[in-house]
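Working notes, beginning with the structure itself.
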Amino acid sequence: SGPFRPILTKVTNHLFDTVDLLESKMSMGLVAAVSPNMELIQQTDSTAEDIRSARLDRQLRFQVKGAEDREGELHQQIAVLALERDKLADLIQFQQTRRLKLESPVAELPSASALIKRLAEEKDIVTLTSNNDELRANADKLVQQITSLKTLNGKYATQATELAARLLVIQDHNDRIATSLAMQQEELLQLERENVVLKAELSDFSSARNFPKLVDPNEEIVAEVREIAYGYGSNLTVPKHLQANGVVSKFRMSKETAILTVHDILTTRQSQRASDICTHIQAYFAKRHGPQALSWAYGLDESTRLYDTECNLNAFGQISRKVLSEQFYNIVNSDVALFLNTCESLDSQANGADSTQTLTCSQVLAILQELFPSYSTEHYKKIMTALETSIVSQTSVHYQMLFPNMDRLLLTDSTPFSAAEVRSENSFSNAFKELILDDAVTTTQLLVDALLGLQGNKLTLPALDQLLMNVFEDEDVRLEMGEILTGVFDKIQARATTLNDFSTTLLGAEAAVQKSDFIHFLRTGVVLRQGVLKPKVGQPLPTLPDLSEGEDQKTEVIYNFDVKRRKQTLS
């Protein structure tokens, strides 16, 4: 059975046919050749018959087996058809049931309405859920916008505080200008009254003496100002731009012109550091004013003396006359940056991320005492009086507004800017710089006077120690200043290249330097300041009567600055 049955049937039939043919041929051969032995032939015929019977029997069995197989296949097909019949019967039954339901009376329809209603409700639920998600998303966006608006509002509040502080400063300037104008008008009226009196007296005097009138009553009396100056000489101690003999004409400058000229000189100075400041000033005036360079130089020098209330002009005059080192500008920048950084640190400690950019007057005063521990009470009172123009409330100071030219690095920025951007110093910034300038000039002059009082032209280390003992009473201040001056001594001594160098001489085992070289270095190579050296006994802080009663009047050390950080680096 199976797919190979037809093939096997053909093979077996062919095999049986071949056997029958061979048997018939064998029978014919045996009859002709062996006729005597008939018994053997009969046996052979009997065997062939048995073989044919067996073959027929096998064929019959194959056919029976095939019929049985076909019967099994038919039974399987009948079973499959029975299953399909049952499925069709079930389907017919389902269709009949469905048709009966559809043909049923209308009274059974409310179940379908309920189903439709339920579906509508489910749809409404889905729609409401979607709307709720959209509302939640919109609410989150609104919360983010509110947060952003709060941040922006905080920035606006900070800007408003800054603008309010600037407005106070501007109002202070306006008040000062109005006061100055009123005083000038009063002086002008007084001069006019004095002029009338003088004219009357002169007229009376002329009439009494029967002299002709010397002055026309209708002519205004104009005061004449001499526009010449005596030259400072041409020796080496005189700055190069001021070296002149005899009488020199001078160009009179207004305060604003002097400020802008100093600004322009310092701006061009940034790219010309090879020469000293005096040589640079001489080249600056020669390039811009030619033959009148000396008149401009003497005019600017006079303006730095005449308008010395402007600290920037006063400092430039001291530096250009070789009274103070040009390093003064770096010292001022360093102190201003240190003061503002300390204010920011204290503000952050008190308020965290919500910086108010304001401090109390007591806090500012304590910071100033740490910056300048050796200053007297009068110095502190002076700068605190100047601080009143920057007070935001009764006791708070907006420290970011104290230095209007800080972003310009006090007119010495390496990036030049136009003259229109030069801002006027406010009262506090001017007073702050005056403290540093006064300290540097007076300390240097104190040491120079003491050095000039020594006998001889040379200075030794023992003589320097004795000088410090005579000048500074406080031991700590004396030790700190001695360390700085010893460094100056060593630096001058190191310049000696041979034993015959005039700047250094060996007296036995004791080293000495020229006293004139030492003084020159103090004026041009280093900035000496007694006020930043902390004495053993600190100066008492002044009280501030304008503080509110609720604020603590006690002064405490807020930042303990390392005194060694304040030592000036030798040029």
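The values are calculated or read from the model by the stated rules, or taken from the named source; none is laboratory data. Please read these numbers as outputs of a predicted model, since none were measured by experiment. Cβ placement follows ideal geometry from the backbone for every residue including glycine, while neighbour counts extend to all protein chains displayed. Each accessible area value is taken on the protein alone, full model and side chains, heavy atoms only, with ligands, DNA and RNA left out. Shrake-Rupley method; radii C 1.70, N 1.55, O 1.52, S 1.80 Å.
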statement: The answer for segment 270-312, accessible area per residue at 1.4 Å probe in Å², is 51 Å²
- prompt: Hey, what do the phi angles of segment 184-189 turn into as Karplus ³J(HN,Hα) couplings, whole Hz, using 6.51/-1.76/1.60 and θ = phi - 60°, x for Gly and Pro?
  reply: 5, 4, 5, 5, 5, 4
query: All other residues with a Cβ under 12 Å from the Cβ of Ala283 taken together, and with Lys, Arg as +1 and Asp, Glu as -1, what is their net charge?
result: +3
- prompt: Mind listing the phi-derived Karplus ³J(HN,Hα) values for segment 512-526, rounded to whole Hz, using 6.51, -1.76 and 1.60 with θ = phi - 60°, and x for any glycine or proline?
  reply: 8, 10, 5, 4, 5, 5, 5, 5, 4, 5, 4, 7, 10, x, 7
task: Using only the Cα atoms of segment 258-307, build the gyration tensor, take square roots of its eigenvalues as a ≥ b ≥ c, and label the shape rounded, prolate or oblate: rounded if a/c is under 1.5, else prolate if a/b is larger than b/c, else oblate.
output: oblate
query: Considering only Cα-Cα distances, which of the following residue pairs are longer than 30 Å: Lys382/Lys458; Lys240/Lys515; Lys250/Lys382; Lys322/Lys433; Lys255/Lys322?
result: Lys382/Lys458; Lys250/Lys382
